[in-house]
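The values are calculated or read from the model by the stated rules, or taken from the named source; none is laboratory data. Given the structure is predicted, the values throughout are model-derived calculations rather than measurements. Cβ placement follows ideal geometry from the backbone for every residue including glycine, while neighbour counts extend to all protein chains displayed. To get the accessible areas, we keep the full protein, side chains included, count just its heavy atoms, and leave off ligands, DNA and RNA. Shrake-Rupley method; radii C 1.70, N 1.55, O 1.52, S 1.80 Å.
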Amino acid sequence: MVHSLVEAYGLLKSKDITVISPRKATTKELCLYHSRDYIDFLRAAEDCHEAVDDEDDGDHGEGSYEDKLEEYGLVYDCRVFEKLRDYAEYVAGSTIQAASVLTDDSFDVAIHWDGGRHHAMKDHASGFCYINDIVLGIMTLQKEFKRVVYIDLDVHHGDGVEKAFQYSDKVLTISLHHFAKGFFPGTGDGDRHKSPQKTKAVVNLPLQSGLTGERLFHIFESLVDPVVASFGPAAVVLQCGVDGLAHDPAGKWNVSIRGFGDCVKKVLSWKKPTLLLGGGGYKNTSAARCYAYLTSLVIGKNISDDIPENPYFEQYGPEFTLHIDTSRKPDKNTDEYIKVVSDLVKQQSESF
């Protein structure tokens with residue numbers, strides 16, 4: 001749906017866009033971060049799953065296939081599905097490819113809207129994320145750029161990426177996310193004193209429910225922008241998870257498409273090699289709307305608010321517009337609360 005809408009708006013015909021074919025990540029590339037045992041099991045999981053379903057006799061003893069699924073996180077929201085191996089390899093390989101075209105100075109901005117799987121850990125899947133393509137993309141950028149900043153706009157904390165680089169002073173991870181008791185993944189409260197070891201370059205901005213696009217951009221401009229400037233990155237990775245959009249089933253924030261767009265424009269104004277990735281988003285039409293709009297901002301092309309004809313046109317009703325109204329959800333991110341977050345940011349950024 002994302003690709004179809006981007007194409008329907010005529011953005012792929014722009015002289016400022018080059019479409020690069022996706023590719024699969026190799027075993028060597030995947031194992032630059034992930035454990036070999038996990039990668040081997042992930043690749044074989046689909047075939048094993050089918051065999052177990054065909055021959056299941058109800059005997060699930062210790063060390064069984066079901067135990068392995070639990071060990072590697074391939075249960076609940078990360079279940080095994082058809083073509084899982086291909087999916088994981090393409091997500092990772094495409095982000096690595098996107099990062100690579102930035103390292104050789106071929107392009108200023110690279111976009112991979114199907115990337116951004118920020119919850120996957122070194123040796124297990126988590127939160128709909130099987131491979132942490134972001135970590136692999138950042139590692140690719142590090143071949144050329146000494147300092148990289150990673151910024152996460154997803155409504156959920158970017159725990160997998162943070163964990164990968166929390167003790168590095170070469171990668172700054174910044175996550176703006178909803179934080180509340182019982183909300184996945186339950187990390188990212190911004191309190192450095194709770195860490196058993198001192199993290200190097202980690203900044204978390206725990207935000208309340210009802211966050212609007214205007215408030216998001218205000219936070220981004222007043223708190224994130226100065227931290228990035230202080231760190232002095234040579235390249236930027238921006239995870240644009242859009243599950244914070246108004247009317248998303250996640251139901252926590254109330255951000256407008258323009259709100260995400262303003263943050264992207266701010267990042268582009270830094271004039272650094274920039275990798276734009278997708279992420280969360282549980283309403284397909286909203287994700288497609290937002291990513292089409294963000295793509296248009298990258299190339300500076302104004303697009304109509306009227307959704308153009310495309311294979312999924314009927315699903316964009318009843319509005320059939322690019323921008324949709326936000327809800328009346330109250331924004332609990334008051335000026336007083338933002339002051340608390342600001343103090344947290346200062347505390348966390350002391351080390352760099």
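Overview of values
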| item | result |
| --- | --- |
| Set of aspartates and glutamates near K301 by C-alpha distance (under 14 Å), chain-local residues within fewer than 8 positions excluded | E7, D16 |
| Interatomic Cα distance distribution for region 216-299, bins of 10 angstrom, percent | 17, 50, 29, 5 |
| Reach of K272 by Cα under 18 Å, taken over lysines that are not fewer than 8 positions away in the same chain | K143, K146, K170 |
| Unit Cα scatterers, Debye sum, region 303-343: log10 I(q)/I(0) for q = 0.14, 0.19, 0.29, 0.31 Å⁻¹ | -0.56, -0.65, -1.00, -1.05 |
| FRET efficiency, K28 to Y76 (Cβ-Cβ, R0 41 Å, nearest 0.05) | 0.85 |
| Taking only Cα atoms of region 123-252, radius of gyration then Dmax in Å | 14.4, 40 |
| Candidates D262, D133, D306: whichever shows maximal mean-square fluctuation once the chain is modelled as a Gaussian network with Cα springs under 10 Å | D306 |
| Centre separation in Å (Cα based) which lies between region 274-295 and region 141-192 | 19 |
| Region 228-352 shape via C-alpha gyration tensor axes, a/c threshold 1.5 | oblate |
| Selected from A44, A164, A25 as most flexible by GNM, with the chain as the system and alpha-carbon contacts under 10 Å | A44 |
| 3J(HN,Hα) from dihedral phi, region 274-281, Karplus parametrisation 6.51/-1.76/1.60, rounded to Hz, x for glycine, proline | 10, 10, 9, 10, x, x, x, x |
| Of all DSSP beta bridges in the chain, antiparallel share, percent nearest 5 | 5 |
| Amide H partners (placed H, <5 Å) of T321, local residues excluded | I307 |
| Loop trypsin sites (Lys or Arg not before Pro), region 253-350 (other Cβ atoms within 10 Å of the site Cβ: 10 or fewer; DSSP) | K271, R328 |
| Ratio of Rg to Rh over the chain (Cα coordinates, Kirkwood Rh, two decimals) | 0.96 |
| Solvent-accessible surface ranking, highest first, for E46, E309 at 1.4 angstrom | E309, E46 |
